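Read through the structure below, which is laid out as structure tokens, and then see the notes.
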Amino acid sequence: MTVQVEAILRGERRAVARLLTSVENGREGVDETLAALFPHTGRAWVIGVTGSPGTGKSTLVNALTQAYRRQGHQVGILAVDPTSPFTGGAILGDRIRMRDLAGDVGVFIRSMATRGSLGGLSKATRDAARVLDAAGFDIILIETVGAGQNEVDIVRAAHTTLVVEAPGMGDEVQAIKAGILEIADVLVVNKADRPGAAQTVRALRTMLELGHPTRQAGMVGHHGRLMAVETQPTADNGMWLPPIVETVASDNQGMDVLITAIGQHRQFLSQGERRSALEQGQFSIEIQERLRDTLMERLLRQLPADALDGMTGRIQSREIDPQGAVETLLSQIIFTPLAP
Amino acid sequence: MTAVETIRVLIAKPGLDGHDRGAKVIARALRDAGMEVIYTGLRQTPEMIAEAALQEDVDVVGLSILSGAHMALVPRIREVMDQHDLRDVPLLVGGIIPDEDKAQLEAMGVRGIFGPGTNTHDIVTFIRQIAAAKQGD
């Protein structure tokens with residue numbers, strides 16, 4: 001075991017920070033380190049926090065982390081913000097809302113830029129979560145970029161996904177559209193002290209009723225008071241019903257209920273083969289993605305550096321069409337025969 | 001290492017002054033130069049700055065100080081960063097720094113001082129140079 005791997009397993013913060021940089025940059029040797037750490041992962045509960053910009057995700061992470069710390073958990077946070085597609089630069093500002101966590105050695109916050117990924121996370125986020133897992137953080141919160149309707153990569157990295165909504169962010173049609181609401185294990189209506197919170201809760205509940213046949217089959221919608229978990233999972237029918245939790249994260253309200261809801265989801269997944277099935281699906285997708293990326297990278301390396309630029313000119317002059325250019329480029333790649 | 005790695009910069013405002021326009025202008029300029037800028041907001045203590053620099057593994061820390069407290073804040077921040085084993089992370093200071101304090105700040109380990117009217121291009125170039133030297137180690 002290398003010195004670096006030992007330092008990570010001991011939870012040494014500088015070593016963790018440096019390895020996260022290596023992971024993000026795909027530095028030489030990082031694959032070996034991650035491979036050595038992998039047997040020490042799988043202990044943390046990974047919670048995704050997603051939702052539109054301005055719903056209060058960072059503030060919620062700040063409040064939720066404090067609540068988990070009071071219960072004695074070690075919390076690792078990965079906060080993802082977008083990279084500019086034009087300059088490759090990014091402003092990572094999630095720490096602004098997490099200042100209450102400063103000075104707590106049971107918390108580690110890392111800001112990450114998407115670096116070209118479109119699904120709400122960066123390519124390195126999954127591996128970064130594994131590093132924090134191996135370093136002993138037993139709760140990992142992944143805050144996605146401000147997500148709209150299609151940035152749903154988080155479900156491939158998290159055990160429990162929170163979708164954060166805020167009052168006045170759209171009508172019921174938004175709520176029944178495909179995409180981000182479908183991935184929620186827990187729906188959080190943050191800023192619940194603002195006008196319109198009740199309508200937002202009602203719209204979400206309508207969406208749930210439409211989407212979940214079990215609800216129509218006689219479960220009574222419980223109109224809880226503020227901060228109550230609105231729906232409960234039912235153990236007998238095998239379906240998880242996402243509870244709606246109202247919070248005022250800026251005021252630390254609703255965190256106990258939210259932690260309870262996350263705990264219920266964790267308990268639900270721990271029954272039978274559910275967690276195993278979830279992780280099997282996640283690993284399956286991860287292998288496909290990595291295979292595609294690695295193949296691409298290795299094949300592109302075989303092309304001369306100016307091959308793509310040369311093609312652009314030929315396409316512009318209408319000498320060749322884009323797909324024809326791709327076929328020509330592919331014909332220059334020597335495919336190594338696969339072993340039988 | 002063949003590829004050039006993205007430069008990560010922490011921009012922090014220590015102390016009590018609430019004027020963060022300068023810090024935001026710099027953050028934006030660095031972003032437009034392709035860097036990742038971790039912006040931590042106002043009223044950061046030396047401990048918060050050192051902790052953020054450590055967790056974010058930044059190449060450079062830029063401090064914006066307009067309150068006149070730089071002679072008290074800067075050595076304290078340098079000291080806490082050194083305690084966190086961040087001796088190799090250079091400090092830059094921007095804001096209102098009287099000429100007579102500059103030599104002393106540099107003696108405290110400040111690598112660059114940028115006052116009002118500095119061309120952001122000069123700051124970008126400066127950070128690229130010190131980051132390249134650091135990553136080349």
Look at A:Thr83 and say whether it is in contact (Cβ under 8 Å) with a residue 12 or more places away in the chain and among the hydroxyl-bearing types (Ser, Thr, Tyr).
yes
Determine which single condition B:Leu91 fails, assuming it passes every other condition in (1) over 22 Å from A:Gly89 (Cβ atoms); (2) of a type outside the set (Gly, Ala, Ser); (3) away from chain A (no Cβ under 14 Å).
(1)
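Conditions (1) open to solvent by 30 Å² or more (accessible area, probe 1.4 Å); (2) within 19 Å of the chain's Cα centre (by Cα), marked per residue:
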site	(1), (2)
A:Gly89	no, no
A:Gly93	no, yes
A:Arg97	yes, yes
A:Asp100	yes, no
A:Val107	no, yes
A:Ala124	no, yes
A:Asp127	no, yes
A:Gly136	yes, no
A:Ala147	no, yes
Qualifying positions in region A:47-103 - charged (D, E, K, R) and away from chain B (no Cβ under 14 Å):
A:Lys57, A:Arg69, A:Arg70
Screening A:Arg275, A:Arg298, A:Arg292 for residues that are at pLDDT below 95, under 30 Å from A:Val201 (Cα atoms) and surrounded by 10 or more Cβ atoms within 10 Å (Cβ to Cβ) leaves only A:Arg275
Residues of region B:45-76 satisfying the condition of being crowded, with 18+ Cβ neighbours inside 10 Å, over 20 Å from B:Ile7 (Cβ atoms) and touching a residue at least 40 places away in the same chain (Cβ under 8 Å):
B:Ile65, B:Leu66, B:Leu73
So which residues in region B:80-91 are farther than 24 Å from A:Met98 by Cα and either under 13 Å from the mean Cα position of the chain (by Cα) or not basic (Lys, Arg) (or both)?
B:Asp88, B:Pro90
If you take the residues in region B:1-32 that are among the small types (Gly, Ala, Ser) and open to solvent by less than 30 Å² (accessible area, probe 1.4 Å), which one is nearest to the chain's Cα centre (by Cα)?
B:Ala12
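The values are calculated or read from the model by the stated rules, or taken from the named source; none is laboratory data. In this text, all values refer to a predicted model and were calculated from it rather than measured experimentally. Positions of Cβ are backbone-derived with ideal geometry, glycine not excepted, and every protein chain shown enters the neighbour counts. Heads up: the accessible areas ignore ligands, DNA and RNA and are worked out on the full protein's heavy atoms, side chains in. Shrake-Rupley method; radii C 1.70, N 1.55, O 1.52, S 1.80 Å.
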